[in-house]
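Asker: If you scroll down you'll find the structure; I have some questions about it.
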Amino acid sequence: MNPYDKTEMKFEKNILCIGAGYVGGPTMAMIAHKCLQYKVTVVDIDPERIAQWDSDGLPIYEPGLAEVVKAARGRNLFFSTEIERGIKEAEIIFVSVNTPTKTFGAGAGMAADLQYWEKTARQICQCAESPKIIIEKSTLPVRTALAMERILTSNDNAVHFDVLSNPEFLAEGTAINDLENPDRVLIGSRLTESGLKARDELVEIYANWVPRDRIITSDTWSSELSKLAANAFLAQRISSINSISALCEKTDASISEVAKAVGMDSRVGSEFLNASVGFGGSCFSKDILNLVYLCRSYGLNEVADYWESVVQINEYQKRRFVLNMMTAMFNTLVGKRICLFGFAFKANTGDTRESPAIFIARRLIEEKAELVITDPKALDNARIDLNGIDSNVSYIEDPYKAAAGCHAIAIVTEWDLYRDLDFEKIYRSMIKPAFIFDGRNIADHKKLFEMGFNVFPIGKPALTHF
Ligand code: NAD
Ligand code: UGA
């Protein structure tokens, strides 16, 4: 539905979001859901994405999202490709475009690629005819708001802009709950009269459903840096537990016991200590590398090295997983049929960006294994990720059919459905000796061993029949 047809309707505010991705779509759907008095329009340069948001086949899978979108769409939530018109009409503009790692030139492989962000800033500058609040929703290097302000104030028509930082902390797979009940909402602003007024306006939007004590405010730079720091701290926990998992495998200790004992210290906390095949997703590596690049550019080499090691341990964990598979399977994988249970970077999403599964699949293909990939939501993305190297790869949604005739299973994504499979049936259909490599520690290892599997968990002694 065209958002601009609804001119007869009166809304208290016109909110625009530029960038209809994993963040822009769900966050705006939640604002529209909670605030009937606002008109919320989401625009994107990608017409196919906008068409999907306007259809029954949303561009992303996120539990609970379809219901929220369906209820608000056409009422006070609209999707459009008319960016300029959206800018003109809106009083408040969220910018949620992608900020991937730069792949070229200075800072390649480390720095954030700010081209999409800057293009948006220039477009806002060109089209705006009235004062606006511009909100950084994308994750950005510290002090990017300054660059935004400089671009926006370079316009001739003297339109006034306030730039706020309002980083997003949602995690995929739980985005709707995270948006509805956030641990905190962070809003950074200039501490000037105008900046504080703009900040208060954004506070009022969130206060429609978020308790006020969870809406915290700061200066702009602290807000920008808090987002990078939060992701770095989260990823650091995973690399910490994964590094200890390697030691557990050498010493017959169990990573589950260690994580439990360490996490029960209330100063440490028990969340986010699941040893795994390594973290994936579009943000952890990207944001840490961005942090590392920033530190180096300020001459803080020791700080940069410290955070870079979090990414290095993650790379090591992925490499280690494949090497363990090879060692266990008699040092050759040539011609062996290996089934990957899961391709998404975590459960409850179809997103495969930076998924450890991509690295594992590539390495297994290099070792000349034959792959069968199964995943309830991510097979389309898996096909794209392995495009050009998948002549020996099949994609099968049914995990029973996928595992049949395989030498080994590698559990890469912790989908609940893999916990409840009939592994007796799977074992009977596989080539013997049958192996299972549990990259998420979700299976009942003892039971699998008793069925006849050779079982290789993460950070626990292997259970083998040899
Ligand atoms: P995404 O790639 O899914 O979506 C970005 C969208 O912006 C794309 O649809 C793209 O077409 C659009 N776009 C790019 N340039 C544009 C332009 N000039 N005009 C209009 N549209 C444009 O990315 P995402 O996962 O939604 O992430 C967006 C930002 O949010 C990133 O900075 C990311 O670090 C941050 N973030 C992501 C998550 C997450 O879970 N994915 C969580 C928190 C923060
Ligand atoms: C992460 C953060 O959790 C969000 O707060 C943040 O907003 C977001 O990044 C972002 O900036 O993009 P997300 O990447 O969607 O969210 O998902 P997480 O739940 O953090 O998982 C990231 C990766 O770590 C996944 O591959 C997951 O399987 C892995 N992980 C997570 C572990 O290996 N062990 C754990 O204990 C937890």
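Asker: Could you check how much of the accessible area of the chain is carbon and sulfur, as a whole percent, using a 1.4 Å probe?
Answerer: 51 percent
Asker: From the helices alone, meaning DSSP H stretches of at least four residues, give me the mean residue ellipticity at 222 nm for the chain, per-run term -39500 (n - 2.57), in deg cm²/dmol to the nearest 500.
Answerer: -13000 deg cm²/dmol
Asker: Label Glu257 and Lys368 with points 7 Å out from Cα along Cα→Cβ: what is the distance between them in nm?
Answerer: According to this spin-label approximation, the distance is 4.2 nm.
Asker: Arg75 to Val268: extension gain in nm, 0.36 nm per residue of separation minus the Cα-Cα distance?
Answerer: So the extension gain works out to 65.0 nm.
Asker: Further question on the same structure: Could you tell me the calculated FRET efficiency between Ala106 and Leu36, based on Cβ-Cβ distance and R0 = 45 angstrom, to the nearest 0.05?
Answerer: After rounding, the FRET efficiency stands at 0.45.
Asker: In whole Å, what three semi-axes, largest first, describe the equivalent ellipsoid of the stretch 63-196 built from its Cα gyration tensor (square root of 5 times each eigenvalue)?
Answerer: Numbers: eigenvalues 125, 89, 53 Å².
Semi-axes from the Cα gyration tensor: 25, 21, 16 Å.
Asker: How do Lys336, Lys34, Lys132 stack up against each other in accessible area, from largest to smallest, with a 1.4 angstrom probe?
Answerer: The residues order as Lys34, Lys336, Lys132, largest area first.
Asker: Starting from the Cα coordinates of the stretch 294-447, work out the convex hull volume and express it per residue in Å³.
Answerer: Considering the Cα atoms of the stretch 294-447, their hull volume per residue is 133 Å³.
Asker: Please report, largest first and rounded to whole Å, the three semi-axes of the ellipsoid equivalent to the chain, where each semi-axis is the square root of five times an eigenvalue of the C-alpha gyration tensor. Each step should come with its number before you reach the end.
Answerer: Working: eigenvalues 377, 120, 79 Å².
Working from the Cα gyration tensor, I get semi-axes of 43, 24, 20 Å.
Asker: I'd like to check one number: the per residue accessible area of the stretch 35-174, probe 1.4 Å, reported in Å² as a whole number.
Answerer: Counting only protein heavy atoms, the per-residue value for the stretch 35-174 is 41 Å².
Asker: For the chain, give the magnitude of the charge dipole about the Cα centre (Cβ charges: +1 Lys/Arg, -1 Asp/Glu; no others), in debye to the nearest 20.
Answerer: Values: 52 positive and 62 negative charges, 158 e Å.
It comes to approximately 760 debye.
Asker: In debye to the nearest 20, how big a dipole does the stretch 1-134 give about its Cα centre with +1 on each Lys and Arg Cβ and -1 on each Asp and Glu Cβ?
Answerer: Once rounded to the nearest 20, the dipole reads 300 debye.
Asker: Pairs Lys13/Lys227; Lys197/Lys227; Lys197/Lys286; Lys13/Lys102; Lys227/Lys446; Lys119/Lys227: which exceed 30 Å Cα-Cα?
Answerer: The answer is Lys197/Lys286; Lys13/Lys102; Lys227/Lys446.
Asker: Something else: In the stretch 40-135, what chymotrypsin sites (Phe, Trp or Tyr not before Pro) fall in a loop by DSSP, with at most 12 other Cβ atoms inside 10 Å?
Answerer: Listed in order of number, the matching sites are Phe104.
Asker: Another one. Which is farthest toward the positive dipole end of the stretch 265-313 among Ile313, Cys283, Phe272, measuring Cα position about the Cα centre, with Cβ charges +1 (Lys, Arg) and -1 (Asp, Glu)?
Answerer: Among Ile313, Cys283, Phe272, the one farthest towards the positive end of the dipole of the stretch 265-313 is Cys283.
Asker: Considering only DSSP states other than H, G, I, E and B, which GluC sites (Glu not before Pro) in the stretch 96-171 qualify as loop sites with at most 14 other Cβ atoms within 10 Å? Walk me through the numbers on the way to the answer.
Answerer: Values: sites: Glu118, Glu129, Glu136, Glu149, Glu168; in loops: Glu129, Glu168.
In loop regions of the stretch 96-171 (DSSP not H, G, I, E or B), the sparsely surrounded GluC sites (Glu not before Pro) are Glu129.
Asker: If I measure Cβ to Cβ between cysteines in the chain, which ones have no partner under 4.7 Å?
Answerer: Lone cysteines by the Cβ rule: Cys17, Cys35, Cys125, Cys127, Cys248, Cys283, Cys295.
Asker: Output the 0 to 90 degree angle, nearest 10, between the alpha-carbon long axis of helix 115-127 and the longest principal axis computed from the alpha carbons of the chain.
Answerer: So the inclination is approximately 20 degrees.
Asker: State the answer as a single residue: which of Leu379, Ile411, Cys35 lies farthest towards the positive end of the charge dipole of the chain, with beta carbon charges of +1 for Lys and Arg and -1 for Asp and Glu, about the Cα centre.
Answerer: Ile411
Asker: Quick check: the distance between the Cα centres of the stretch 294-325 and the stretch 208-228, to the nearest angstrom?
Answerer: Using only Cα atoms, the two centres lie 28 Å from each other.
Asker: Then there is this: Give me the dipole magnitude in Debye, nearest 20, for the stretch 277-390 about the Cα centre, with unit charges on the beta carbon: positive for Lys and Arg, negative for Asp and Glu.
Answerer: On the way: 14 positive and 14 negative charges, 61 e Å.
Here the stretch 277-390 has a charge dipole of around 300 debye.
Asker: Using amide H atoms built 1.01 Å from N in the peptide plane, name the residues 5+ places from Phe435, or on other chains, whose amide H lies under 5 Å from its own.
Answerer: Ala408, Ile409, Asn454
Asker: Same structure, new question: Run through the DSSP bridge list for the stretch 124-243 and note the antiparallel percent, rounded to the nearest 5. Before the final figure, lay out the partial values.
Answerer: Values: 1 of 11 bridges.
Around 10 percent antiparallel, to the nearest 5.
Asker: Can you give the Rg to Rh ratio for the stretch 258-302, taking only C-alpha atoms and Rh from Kirkwood?
Answerer: Reported Rg/Rh (Cα atoms, Kirkwood Rh): 1.15.
Asker: Same structure, new question: Which value, in Å² and to the nearest 10, is the accessible area of Arg383 when all protein chains are kept and the probe is 1.4 Å?
Answerer: For Arg383, solvent-accessible area is about 100 Å².
Asker: Quick one: if you stick a label point 7 Å off each Cα along the C-beta vector at Tyr400 and Phe330, how many nm between them?
Answerer: Inter-label distance under the simple model: 3.0 nm.
Asker: Can you check what the Kirkwood hydrodynamic radius comes to for the stretch 143-226, Cα pairs only, in Å to one decimal?
Answerer: This gives a value of 13.8 Å.
Asker: Distances longer than 24 Å among the Cα atoms of the stretch 288-379: what percent of all pairs is that?
Answerer: Counting every Cα pair in the stretch 288-379, those more than 24 Å apart make up 38 percent.
Asker: Report for the stretch 52-191 the percent antiparallel among DSSP-assigned beta bridges with both residues inside it, nearest 5. Walk me through the numbers before you get to the answer.
Answerer: Working: 2 of 12 bridges.
Antiparallel bridges: around 15 percent, rounded to the nearest 5.
The values are calculated or read from the model by the stated rules, or taken from the named source; none is laboratory data. Since this is a predicted model, take the numbers as computed values, not measurements. Note: ideal-geometry Cβ built from the backbone for every residue, glycine included; neighbour counts use all protein chains shown. Just the protein is used for accessible areas: all its heavy atoms, side chains included, with ligands, DNA and RNA removed. Shrake-Rupley method; radii C 1.70, N 1.55, O 1.52, S 1.80 Å.
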